[in-house]
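The values are calculated or read from the model by the stated rules, or taken from the named source; none is laboratory data. Fair warning: this is a prediction, and the values are worked out from it, not measured in the lab. Methodologically, a virtual Cβ is constructed for each residue, glycine included, from the backbone with ideal geometry; neighbour enumeration extends over all protein chains shown.
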Amino acid sequence: MSRLAPKATVILEYSSFFNEDPTSRISFLEGLSKDAILFELAYLNYLLKPKNQTQFDHSFETQIKILRYLLKSDLHFKSCFRVLTTHFVGLAIPAIFHRGTFLFAMEEVTQSQEILPIDDFEFENADQWENLFKYILAVNSELIKIGDSSEETLKNPSFENLNPALLPINELSIESNPVFTIYRGFLLIEYFSKVEKYSKKLIQYFKNNYGCLPNEFLQRVQRVLMHESYEDKKFGFCYPSKEIDSFLEALSERTKNKDLYKFIGIRKSPLIKVNDNDYLLSDSVFLVEKCYSQFINDFWFDCLKEGCKDRSEQDKAIEELGGHFGRFFEQYCCGILSRIFKEYRHSIFLTLNQLITPDSKGGSEFSDFYFRYNNKIIVGQIKGGSVNDNSKYGGDIEDLYKLGRDEFFDRFGVDQVYNSVSNLLEKAPLFDKGFPVGKQIHVFPLLVVNEKVFQTALFADVFSDRFEELTKGLINKKVCVKRMLLTHVSDWENSEAYLTESPKRIWGMFDNHFRDKKFVPAFSNTINKLIPSHRRIPYGFAERFLKFLR
């Protein structure tokens, strides 16, 4: 490849340690109790991201800590440690234990009919622990197959061609801030409750599926995240219940899933019931997403779809649901941006209907938002669309661009940003009376998306390249068009407090982000470098957040 790639993680598999491929993953678990296996897998996944942390722990130290925990024999530990350290290659960091490893394992074990609970079982010897370790390595062997590169990728190993093969693993490294995501979910559900078509169905959906009202559902999820069951924080992922709890039961109801790598079962039910009264938190991120992205999915499949007579009605209902979600998402993002830029003196910030300009159809939006300070202009689009599982986990570029490459980028707003930039000199004076006509201007094209997978390492660069392709024909000495910036809604949630304090910091953030002239990283990387986690809660947010917890 001609450009510098981001740092990579090398996932080690079974053959890395034993010089052969595993014959049967499940056979390693023979003689072990299902509940005990799930308890250990949930605990190990919890070590990678405890509930009181917003970021995953990808450190080599934690890898060693887990390896030491599993291998009770000093001889086996030292042997595996040597293998692990031999896989440091350049900037690549070797790893055995990944979030995807434990999610796949829990998905497989919960569905397995071969592994059964054993009363009063405890891990008693080093061989049992080593078999669990071998099973984990065998899971990695399966996960690596999902990302096997296609012939096209091997012939032309560009970032764009490599990207689809890396998505199944890379997406699992993206965090979801529990506070911002749950609050966003609260506003989304509140929005739907005011849509006449959904208001009654929404209440019915939560009562039928979780035995509570919408707000109670969000509040209970928050309490599960904050709950510590035992003084020993090791058990912060385990929830004992003295009686049948319809909410916990619903969140632990198993869904069969033949494509284990899609994690449909755990995404839908992130708790796992063991024994008669204990519930394990399989993954805190999936629990948080039950309030937002997974809620939309469940509301459709478990409620709205049932009311459709045929495929035609389903298509219409999906389009309507997507339209309502899109309007909510636009309003939500514009609200954040408005709070950031409203105090920027001598500037102008406009959104949505404020940007409608006359045309042959009576009027159309120039862009979703527009910000100008002197001769610096941000032009942006907001896109609430998502990538379906088949495209996301297909592993090659044909699956990702199922409807065609041009259609893919157009659907997610690149063409709209290009059209806004290309028509800027003509259209902007119609709504911006202070537009610097005839003067040199600097344009910052920007996309805000809802799809989480676009936060992975390579998408920002891929989107930027596509925008550059479209703008090659734009030649105007008075207009300096910067590289397009792909952002996720969470990027603006995490930077709102920082930018509201001093909106002019936005230009420094852009400069920092584009300092590498050969590669455009994910915007979250820049935010993580510039803004400490303790400086990300905006003024007044705590009061707004606590309002729905009452």
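Out of curiosity, is Lys305 at negative phi, crowded, with 19+ Cβ neighbours inside 10 Å and either modelled with pLDDT of 95 or more or within 27 Å of the chain's Cα centre (by Cα) (or both)? Taking the combined requirement at face value, the residue does not satisfy it. Right, Thr487: more than 16 Å from Phe459 (Cβ to Cβ) and either outside any loop (DSSP other than H, G, I, E, B) or of a type outside the set (S, T, N, Q) (or both) or not? In short, no. Taking only region 398-425 into account, find how many residues are over 30 Å from Lys439 (Cβ atoms) and touching a Leu at 6+ places or on another chain (Cβ under 9 Å). The number of residues fulfilling the criteria is 5. Selection of region 332-343 for residues being farther than 17 Å from Ser293 by Cα and of a type outside the set (Val, Ile, Thr) yields Cys334, Gly335, Leu337, Ser338, Arg339, Phe341, Lys342, Glu343.
Confirm whether Leu403 is closer than 25 Å to Asn297 by Cβ, surrounded by fewer than 21 Cβ atoms within 10 Å (Cβ to Cβ), out of contact with any Pro (no Cβ under 6 Å at 6 or more places or on another chain) and of a type in the set (A, V, I, L, M). Criteria met by Leu403. Of the helices (runs of 4 or more DSSP H) lying entirely inside region 47-149, not one is found with 3 or more residues being at positive phi and at pLDDT below 95. Summed over region 416-459, residues that are in contact with a helix residue (DSSP H, G or I) (Cβ under 7 Å, 6 or more places away or on another chain) and over 30 Å from Asn388 (Cβ atoms) total 5. Scanning region 246-268 for residues that are out of contact with any Asp or Glu (no Cβ under 6 Å at 6 or more places or on another chain) and in a loop (DSSP other than H, G, I, E, B) yields a total of 9.
Give me the pairs: first residue in region 464-484 and outside the structural domain of Lys518 (by TED's automatic domain parsing), second residue surrounded by fewer than 20 Cβ atoms within 10 Å (Cβ to Cβ), beta-carbon distance under 9 Å, and six or more apart or on different chains, which are they? Here the result reads none, with nothing in region 464-484 linked to a residue that is surrounded by fewer than 20 Cβ atoms within 10 Å (Cβ to Cβ).
Is it fair to say Phe299 is more than 17 Å from the chain's Cα centre (by Cα), crowded, with 20+ Cβ neighbours inside 10 Å, within 28 Å of Glu496 (Cβ to Cβ) and at pLDDT 95 or above? Yes.
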